[in-house]
1. Under the 0.36 nm per residue contour assumption, what length would be gained going from the current alpha-carbon distance of Ala106 and Ala52 to full extension?
2. In the chain, which whole DSSP H runs stretch at least 27 Å along their own axis (Cα) and average 0.0 or higher on the Kyte-Doolittle scale?
3. Report, to the nearest whole %, how much of the accessible area of the chain belongs to carbon and sulfur atoms, 1.4 Å probe, protein only.
4. Obtain the nm distance between the two label points defined at Ala149 and His17 by a simple spin-label model: each point lies 7 Å from its Cα along the Cα-to-C-beta direction.
5. Work out, step by step, the length gained on full extension between Asp33 and Ala91: first 0.36 nm times the residue separation, then minus their alpha carbon distance; give nm to one decimal.
6. Give me the accessible area per residue for the chain, probe 1.4 Å, as a whole number in Å².
7. How do Thr136, Thr73 rank by accessible surface area computed with a 1.4 Å probe, from largest to smallest?
8. Applying a 10 Å radius around every beta-carbon, put 90-103, 25-38 in order of their mean neighbour count, most first.
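The values are calculated or read from the model by the stated rules, or taken from the named source; none is laboratory data. What you see is a predicted model; the values in this text were computed from it and never measured. Here the Cβ is made from the backbone with ideal geometry for all residues, glycine too, and neighbour counts use every protein chain on show. These area figures cover heavy atoms from the full protein model, side chains too; ligands, DNA and RNA do not enter into them. Shrake-Rupley method; radii C 1.70, N 1.55, O 1.52, S 1.80 Å.
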Amino acid sequence: VLVAGVLVSAGAWGLAHRLLRQKAQVLFKAEVDREEESLAGRLDQNMEVLRAAQSLFDVDDEISAAEWEAFATRFGVRKRQDGMRSIGFVALIPPEQRAAFEAGQARRLGRFRIHDLGPGPFIAPLTLLHPWSAETRGLLGLDLCSLDANRAAILRAVDSGEAVITDPLHLTSVSAGD
């Protein structure tokens, strides 16, 4: 009788344990699905801002820093809760046009120099950035194509003709200098 009782108890414990684990897996999957849907929604919102920015350049490829600032402020980039902290624009420059591009940007902005941190297939300097601050000023002119983390995203944008979301550019790990 004792052995039978122990076997029944062990069987009941095993069944209860299995049912609890299955329930936990169902709850975990439901939570993962909710988070995935939430994240996809936030990324979609960010892409809408990028598509709107892209449309600015479809209309006029000479957007001023003031126009860029007005655009980014209108979309509340600084106050967004969906993960977007900044928005920037890079220009694709053939290497042979570097000097002329730098001179043109210097005329528009007062001072501009392309900062490349290594070789890349082309030059893609950051020419517009929001929010604009003393901390971000040094990033202007940074050749994002010279950074491995951003090169793939830039190449995707070039190939697709669409704006792309990149990983964050960490100010502590990148310094463009002045």
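1. Details: separation 54, 0.36 × 54 = 19.44 nm, distance 2.65 nm.
Value of the extension gain: 16.8 nm.
2. Details: long enough: 2-59 (85 Å, 0.12).
Result, helices passing both filters: 2-59.
3. Working: 6880 of 11660 Å².
Reported share for carbon and sulfur atoms: 59 percent.
4. 4.4 nm
5. Numbers: separation 58, 0.36 × 58 = 20.88 nm, distance 3.76 nm.
Computed gain between Asp33 and Ala91 is 17.1 nm.
6. Values: 11660 Å² over 178 residues.
Counting only protein heavy atoms, the per-residue value for the chain is 66 Å².
7. On the way: Thr136 15, Thr73 85 Å².
Solvent-accessible surface, decreasing: Thr73, Thr136.
8. Details: 90-103: 13.4, 25-38: 10.1.
Descending mean neighbour count gives 90-103, 25-38.
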